[in-house]
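Here, each number is a calculation from the coordinates, and none is a lab measurement. Just so you know, these numbers come straight off a predicted model, no measurement behind them. Every residue, glycine as well, gets a Cβ built from its backbone with ideal geometry; the counts of neighbours run over all protein chains shown.
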Amino acid sequence: MLSLLPYVVGLPLGGFIVLLFFGRRLGRPGAGVIGSLTVGAAFVLSVFVYIGLLSRPSGTRVYVDRLYTWFAAGSLHVNVSLYLDPLSMTMVLFVTGVAFLIHVYSIGYMSHDDRFHQFFVYLNLFVFSMLVLVVGGSIPLTFLGWEGVGTCSYFLIAFWFERPSAASAGKKAFIINRIGDAGFLLGAFMVYKYFGSLSYSHILSHTAGTSHEVATWISLLFFVAAVGKSAQIPLFVWLVDAMEGPTPVSALIHAATMVTAGVFLMARLNPFLALSKTTSMIVAVVGVATALLGATAATSQSDIKKVLAYSTVSQLGFMFLGIGTGAYVAAIFLMVTHAFYKALLFLGAGSVIHGMHDEQDLKKMGALRRFMPVTSVTFVVGWLSIAGVPPFSGFWSKGDVLDAAYVKSPFLWVVAIVAALLTAYYMGRETYLTFYGPSRWSTDEREEHKPHESPKVMTIPLVVLAALAVLGGALNLPFGVKLEFLSKWLAPVFAVSPPPPHVSTSLELILGAVDTLVALGGVGLATSLWRSRWVQPSLEPRVLQKAYYIDSIYDKAFAVSGTKLALETNDVVDRKVIDGAVRAVTAIVAGVGVYARKLQSGYVRSYALAVSLGVVVLLGYMLTRASG
């Protein structure tokens, strides 16, 4: 069954090719059905591949499929090969599973868009690129997928490019990710320099003797790449603007796929992190700082999708906190459950926008639970899951990260707890402003202007994701080794790294109780402040609305000044250098022509004299040569 792996990767590519050439002819909903079926079939096949990998003994669950040689240059040989182990298998399962649900949802959400088929062209290519990223057998192949998802994200964020804001958001995401990608390339160069290969099979089996300095530089460079792709401080600003894309794009990028690529990369390179306490601490600090920044900014947003965007920034920070504290399994556990409830929340927000006729302002909503019962119930499930209320999945996954943070550093734990409290609060605020309190939308009594529930093609994925958000915690319950399925499954991947910080049973119970109280406290705080009110200026300071003005500072320091410098430089280079060079050549030619014209006087005697002089010179030259 492991031999089915190339088909798992190839099916979305096949869907992309079919839709590229025949999508317009297939139309609506045909193009969406084909796109969804290819990703759904990839998920089904990935389940069989998982069974095949699971049937192997724990220590031998690595499958490498070398397809062909990509290129060879000197001693460097790079194959197109697929590398499957429990980590990449986990990624394949939830990427294809959640992406399939988002594809199905998109059939309803994008049903009225004129470029319906083109949207699914991009979605299928995006899923293919993500699969290449997670199962690529070498760093260059991972980079191919890495750049593929970056390019597709540009197409999808700027899908409605006729809006200037969407076009700018796409360019912003593309440019900022390129900054991080410089770290990826430099890290790859260092890996080849010290290991002589870019294949994971070789690299991961030869890290034992790596010096602290080399491990630190390699891990730091790849962390720069992860900071860009996974929107950590200081390169997080692109993720909020990415809300300009259609809501299914937000769910796909912010939930199960692109933004988790950085977390996956750091988990894949865990042997280098294990050898560098310096990098591990930097990752943990950046992660917890990002978690707090995203959480505080989310408390004051009025756009239903921007709350979720800053929430994604915050939750990714928690994942990097897990990576930095050595709790790799906890970080992956949180990544999986986050894919469930964040996809649910984004698709729920899309359902609200659809039912509210493209309205996104929370202050213009309210009382929607009566008109959108399925959306409201599933959205509440997503809220309680991300808040960490037991027994929802977020309680178990985020709790593991918080436990590891406490053992690593009580200070990190305190900051993370504050961010967790704010998570429960800001998601409660969004839920109440959307579904409860007085209605603040148009009072037009015409039926077509009233809010309405979304069609089943959109609500069924919500119900499935809600079930996963509730039950996802069962993947790794802390009630004995037999129930820690994810820990046992991923153990071989992280075998070379030190075991995660040990937490005694009594301490685990205490920390779990604190987590519960914090989650319930955040829920209670949101309920008391926003259950029936929607105007609280003192709780929405402008500094938080603008996310500490970081984006504005970047704009003035880099974008505006950079643009001004480019224009001035272009003026100097274009006007003085390029135009000056052209004018100089013209002047030289003209000057030569002035003197050349004197030789063409039109008098025969002048020409005869010139011929005579020429003959004399030639004779003199010949006589000189002869006498020599």
Cα-Cα pairs in the stretch 27-144 separated by more than 21 Å, as a whole percent of all pairs, come to 48 percent
Correct semi-axes for the stretch 558-597, from √(5λ) of the alpha-carbon gyration tensor and rounded to whole Å with the largest first, are 36, 4, 4
Given the candidates LEU37, GLY74, PRO498, the one whose Cα lies deepest towards the positive end of the charge dipole of the chain, counting +1 at each Lys or Arg C-beta and -1 at each Asp or Glu C-beta, is GLY74
Mean Cβ-within-10 Å packing, highest first, puts peptides 147-156, 331-340 in the order 331-340, 147-156
Residue-normalised 222 nm signal for the chain, counting each DSSP H run of n ≥ 4 as -39,500 (n - 2.57), nearest 500 deg cm²/dmol, is -23000 deg cm²/dmol
Residues whose modelled amide H sits under 5 Å from the amide H of ASN79, counting only those 5 or more places away in sequence or on another chain, are TRP70
For the chain, the longest principal axis of the Cα atoms and the Cα long axis of helix 561-572 enclose an angle in degrees, to the nearest 10, of 10 degrees
For the stretch 558-597, whose charge dipole is built from +1 on Lys and Arg Cβ atoms and -1 on Asp and Glu Cβ atoms, the candidate among ALA559, VAL589, VAL573 with its Cα farthest towards the positive end is VAL589
A student applying the Cα gyration tensor rule (rounded when a/c is under 1.5; otherwise prolate if a/b is larger than b/c, oblate if not) would label the stretch 81-225 oblate
Once both label points are put 7 Å beyond Cα along the C-beta direction, the ALA626-SER165 separation in nm becomes 9.4 nm
When all Cα-Cα pair distances of the stretch 1-275 are considered, the percent exceeding 29 Å is 33 percent
Too long for a 25 Å Cα-Cα cut-off, among LYS364/LYS556; LYS306/LYS408; LYS305/LYS456, are LYS364/LYS556; LYS306/LYS408
Cα extents of the chain along the principal axes, largest first, in whole Å, come to 113, 67, 51
Quick calc, the chain, dipole around Cα centre from Cβ unit charges on Lys, Arg (+) and Asp, Glu (-), nearest 20 debye, gives 1200 debye
In order over the stretch 530-535: 3J(HN,Hα) from phi, Karplus 6.51/-1.76/1.60, θ = phi - 60°, whole Hz, x for each Gly or Pro, gives 10, 4, 10, 10, 9, 10
Of 557-569, 45-57, ordering from highest average Cβ density within 10 Å down gives 45-57, 557-569
Distribution output for the stretch 193-235: share of Cα-Cα pairs per 10 Å bin in percent, first bin at 0, values 24, 46, 26, 4
Straight-line reach check, LYS564, cutoff 14 Å on alpha carbons, 8 or more apart in-chain or any other chain, hits among aspartates and glutamates -> ASP555
Expected sort for 121-132, 431-442 on mean C-beta neighbours within 10 Å, highest first, is 121-132, 431-442
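Quick one: compute a quarter of the convex hull surface over the Cα atoms of the stretch 315-391 and quote it in nm². Intermediate results must be reported in sequence, preceding the final value.
Numbers: hull surface 23.7 nm².
Across all orientations, the stretch 315-391 yields a mean hull projection of 5.9 nm².
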